[in-house]
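Note sheet for the following structure.
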Amino acid sequence: MQLLSNDEWAKQCNNDGEFAIAARRWRGGIKLTLGDQTLALKVNEGVAQGGVPESPEGVIEFQASLEVWEKMLAQEPPRFHNDIMANISTGMGISRSGDFLAGAQYYGAAMRGIELIRASLTTPNDIPAPQQRTMPNYTIDAPVGRYVHLQLDGIDHRIYFEEAGQGGIPLLLQHTAGCHGSQWRHLFEDPRITERFHLIAYDLPFHGKSLPPTDKNWWSEEYALRGEFLRSIPLALSRALKIERPVFMGCSVGGLLALDLAHKHADEFRAVISVEGALKIGGDLANLQDLWHPQIGSQYKARLMEGLMSPMSPEYYRKETSFVYASGWPALFIGDLYYYIKDFDLTEFAQQIDTAKVGVHILSGEYDYSGTVELGEVAHNAIAGSTWTMMQGVGHFPMSENPDQFIQYLMPILEQIS
């Protein structure tokens, strides 16, 4: 593998707008160990210079065999080799060291630097770029947004929701952790869906346009999303909107919630669609405290989310998806992960789900290293009568990172339900 020199790599970084923004005010550098080879940059106030940094302060280091780096730097990286954290989290061979704080603060710059190496080693393929969904000037999109007041745990919550496709089968849409209902926007514009389904995408309390309640001192409490509270929201929303036995579809946290509802409230839903679902995710919240740290900005979360997506998903949709993660209340993401990692566990109860009462459909993205395809298949095997599909070429956020691909996998399920 013919690598750039340190000086050539520095030139690539300094000529790249994304790197310049991500590296601003960075004093340190990055060092990559590729077998017995080394690539290194010194960075001073965001300006790169070829060479190994003299001081360890502010320096990020990654080490792996040349074989692992060849996969990482491929034009179409194989599963879990598309991103440094995807590789590390799944034990695929890369290790990290160096300045912990800088590793989070400037992870976006480091990962962009690696992407520039990848670009220097590959040539653009002949596959045409996906068609962007640009609309004529003055077009008004399909969804209409409103607010509804729901009493949850005795507190008045003003919940924002958007809907389209009036008159069809009601379909509640739950977003991922730390995000909001805009993730589902592409489904609202597809008449194949809205002609038969009444789509309702809502923002959880504290998310998106669902502002915090005014009759609770929420700012003095640590936010943690718990199952009983989360399950109550689609039930209360269904009652408020006078819809009976809707279909429920959620992704990530919402994907777990879908299976949770099928287990505990089967009579309330005609079917659930669990996107990136599992019986248990696992992990330790104590190891994720850099997701809410006074010296680490929300851009870190955003860049981590890009690593959960497929490198084949359109870049403009990947960036849109990560943008939302950089825009939310800082406490949200780690707080939502309380349910995702600690509170939710159906491993001993999955066989109790009665698919004669509620249909269960599971969709797992190939590149998702959190709710993996393996976890999705385990859930399917434990729930008699469920369906499961691995979605090739997408990751953890299929409905927003690659909507065209996602809808291809979704349509057969909606056909079956309708």
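What number of residues within the range 373-417 satisfy the criterion of being in contact (Cβ under 8 Å) with a residue 60 or more places away in the chain and among the β-branched types (Val, Ile, Thr)?
Count: 6.
Mind telling me which of the residues Ile60, Ile30, Ile94 ends up being closer than 23 Å to Trp292 by Cβ, surrounded by 20 or more Cβ atoms within 10 Å (Cβ to Cβ) and not assigned by TED's automatic domain parsing to the domain that holds Met312? Can you show your working first?
Working: Ile30 fails: closer than 23 Å to Trp292 by Cβ; Ile94 fails: closer than 23 Å to Trp292 by Cβ.
Of the residues listed, the single one that is closer than 23 Å to Trp292 by Cβ, surrounded by 20 or more Cβ atoms within 10 Å (Cβ to Cβ) and not assigned by TED's automatic domain parsing to the domain that holds Met312 is Ile60.
Mind listing whichever residues of the range 277-312 are crowded, with 23+ Cβ neighbours inside 10 Å, touching a Phe, Trp or Tyr at 6+ places or on another chain (Cβ under 7 Å) and assigned to a loop (DSSP other than H, G, I, E, B)?
Leu308, Met309, Ser310
In this structure, does Ala326 turn out to be more than 15 Å from the chain's Cα centre (by Cα) and of a type outside the set (Phe, Trp, Tyr)? Can you show your working first?
On the way: more than 15 Å from the chain's Cα centre (by Cα): no; of a type outside the set (Phe, Trp, Tyr): yes.
For Ala326, the condition - more than 15 Å from the chain's Cα centre (by Cα) and of a type outside the set (Phe, Trp, Tyr) - is not met.
Answer yes if at least one residue in the range 340-353 is in a helix (DSSP H, G or I), over 26 Å from Gly393 (Cβ atoms), at pLDDT 95 or above and of a type in the set (Asp, Glu), and no otherwise. Lay out the reasoning, then the answer.
Keep residues of the range 340-353 that are in a helix (DSSP H, G or I), which gives 340-343, 350-352.
Checking the rest, the ones that are also over 26 Å from Gly393 (Cβ atoms) come to 341-343, 350-352.
Restricting the remaining residues to those that are at pLDDT 95 or above gives 341-343, 350-352.
With the extra rule that they be of a type in the set (Asp, Glu), the set shrinks to 343.
Yes, because at least one residue in the range 340-353 is in a helix (DSSP H, G or I), over 26 Å from Gly393 (Cβ atoms), at pLDDT 95 or above and of a type in the set (Asp, Glu).
Exactly one condition in (1) crowded, with 21+ Cβ neighbours inside 10 Å; (2) touching a Gly at 6+ places or on another chain (Cβ under 6 Å); (3) not polar (S, T, N, Q) is not met by Pro246; state its number.
Pro246 satisfies every listed condition except (2).
Would you say Ile296 is at pLDDT 95 or above, of a type in the set (A, V, I, L, M, F, W, C) and farther than 29 Å from Pro234 by Cα? Even if it seems obvious, please write down each step before you answer.
Working: at pLDDT 95 or above: yes; of a type in the set (A, V, I, L, M, F, W, C): yes; farther than 29 Å from Pro234 by Cα: yes.
So Ile296 fits the description; yes.
Scan (1) within 30 Å of Trp292 (Cα to Cα); (2) in contact with a strand residue (DSSP E or B) (Cβ under 9 Å, 6 or more places away or on another chain); (3) surrounded by fewer than 21 Cβ atoms within 10 Å (Cβ to Cβ) for the single condition Leu257 breaks and write down its number.
It is condition (3) that Leu257 fails.
Report yes if Leu337 is assigned to a helix (DSSP H, G or I), out of contact with any Cys (no Cβ under 9 Å at 6 or more places or on another chain) and modelled with pLDDT of 95 or more, otherwise no.
Values: assigned to a helix (DSSP H, G or I): yes; out of contact with any Cys (no Cβ under 9 Å at 6 or more places or on another chain): yes; modelled with pLDDT of 95 or more: yes.
It is true that Leu337 is assigned to a helix (DSSP H, G or I), out of contact with any Cys (no Cβ under 9 Å at 6 or more places or on another chain) and modelled with pLDDT of 95 or more.
Can you list residue pairs whose Cβ atoms sit under 6 Å apart, with the first residue in the range 319-345 being assigned by TED's automatic domain parsing to the domain that holds Pro205 and acidic (Asp, Glu) and the second being buried (at least 18 other Cβ atoms within 10 Å of the Cβ) and part of a helix (DSSP H, G or I)? Count only pairs 6 or more apart in sequence or on different chains.
Cβ pairs passing all conditions: Asp336/Val253.
Report, ordered by the first and then the second residue, all pairs with beta carbons closer than 8 Å, sequence separation of six or more or different chains, a first member in the range 207-231 that is on the phi < 0 side of the Ramachandran plot, and a second member that is basic (Lys, Arg).
That search, which allows pairs on different chains as well, returns Ser210/Arg158; Leu211/Arg158; Pro213/Arg158; Arg231/Lys264.
Can you tell me how many residues within the range 20-62 are among the aliphatic types (A, V, I, L, M), outside any loop (DSSP other than H, G, I, E, B) and under 12 Å from Gly113 (Cβ atoms)?
10
Just for the range 356-385: of the residues that are of a type in the set (Asp, Glu) and assigned to a loop (DSSP other than H, G, I, E, B), which one is surrounded by the fewest Cβ atoms within 10 Å (Cβ to Cβ)? Spell out how you get there, then give the answer.
Narrowing the range 356-385 to residues of a type in the set (Asp, Glu): 366, 368, 374, 377.
Going one step further and asking which of them are assigned to a loop (DSSP other than H, G, I, E, B), we end up with 366, 368.
On the way: Glu366: 18, Asp368: 28.
Within the range 356-385, the match that is surrounded by the fewest Cβ atoms within 10 Å (Cβ to Cβ) is Glu366.
Which one is surrounded by the fewest Cβ atoms within 10 Å (Cβ to Cβ), of the residues in the range 313-334 that are part of a loop (DSSP other than H, G, I, E, B) and of a type outside the set (Gly, Ala, Ser)?
If we filter the range 313-334 for residues that are part of a loop (DSSP other than H, G, I, E, B), which is where we start, we get 313-314, 326-331.
Add one more test, that the residue is of a type outside the set (Gly, Ala, Ser), and what stays is 314, 329-330.
Working: Pro314: 19, Trp329: 15, Pro330: 17.
So, considering only residues that are part of a loop (DSSP other than H, G, I, E, B) and of a type outside the set (Gly, Ala, Ser), the one surrounded by the fewest Cβ atoms within 10 Å (Cβ to Cβ) is Trp329.
I'm trying to understand the selection: among the residues of the range 33-45, which are buried (at least 18 other Cβ atoms within 10 Å of the Cβ), without any contact (Cβ under 8 Å) to a residue 40 or more places away in the chain and not polar (S, T, N, Q)? Reasoning before the result, please.
Keep residues of the range 33-45 that are buried (at least 18 other Cβ atoms within 10 Å of the Cβ), which gives 33-34, 39-43.
From the residues that got through so far, the ones that are without any contact (Cβ under 8 Å) to a residue 40 or more places away in the chain too are 33-34, 40, 42.
Once the filter is applied, which keeps residues that are buried (at least 18 other Cβ atoms within 10 Å of the Cβ), without any contact (Cβ under 8 Å) to a residue 40 or more places away in the chain and not polar (S, T, N, Q), the range 33-45 yields Leu34, Ala40, Lys42.
Hey, does the range 397-410 have a residue that's outside the structural domain of Met72 (by TED's automatic domain parsing) and farther than 20 Å from Arg185 by Cα? Reasoning before the result, please.
Step one: filter the range 397-410 for residues outside the structural domain of Met72 (by TED's automatic domain parsing), giving 397-410.
Next cut, farther than 20 Å from Arg185 by Cα only: none.
No, because not a single residue in the range 397-410 is outside the structural domain of Met72 (by TED's automatic domain parsing) and farther than 20 Å from Arg185 by Cα.
Restricting to the range 402-418, what's the tally of residues that are in a helix (DSSP H, G or I) and among the polar types (S, T, N, Q)? Step through it out loud before you land on a result.
Residues of the range 402-418 that are in a helix (DSSP H, G or I), as a first pass: 403-417.
The next check asks that each one be among the polar types (S, T, N, Q); those that pass are 405, 408, 416.
Within the range 402-418, residues that are in a helix (DSSP H, G or I) and among the polar types (S, T, N, Q) number 3.
The values are calculated or read from the model by the stated rules, or taken from the named source; none is laboratory data. What you see is a predicted model, and the numbers here were worked out from it, not measured in a lab. All Cβ positions, glycine included, derive from the backbone under ideal geometry; neighbour counts span all protein chains shown.
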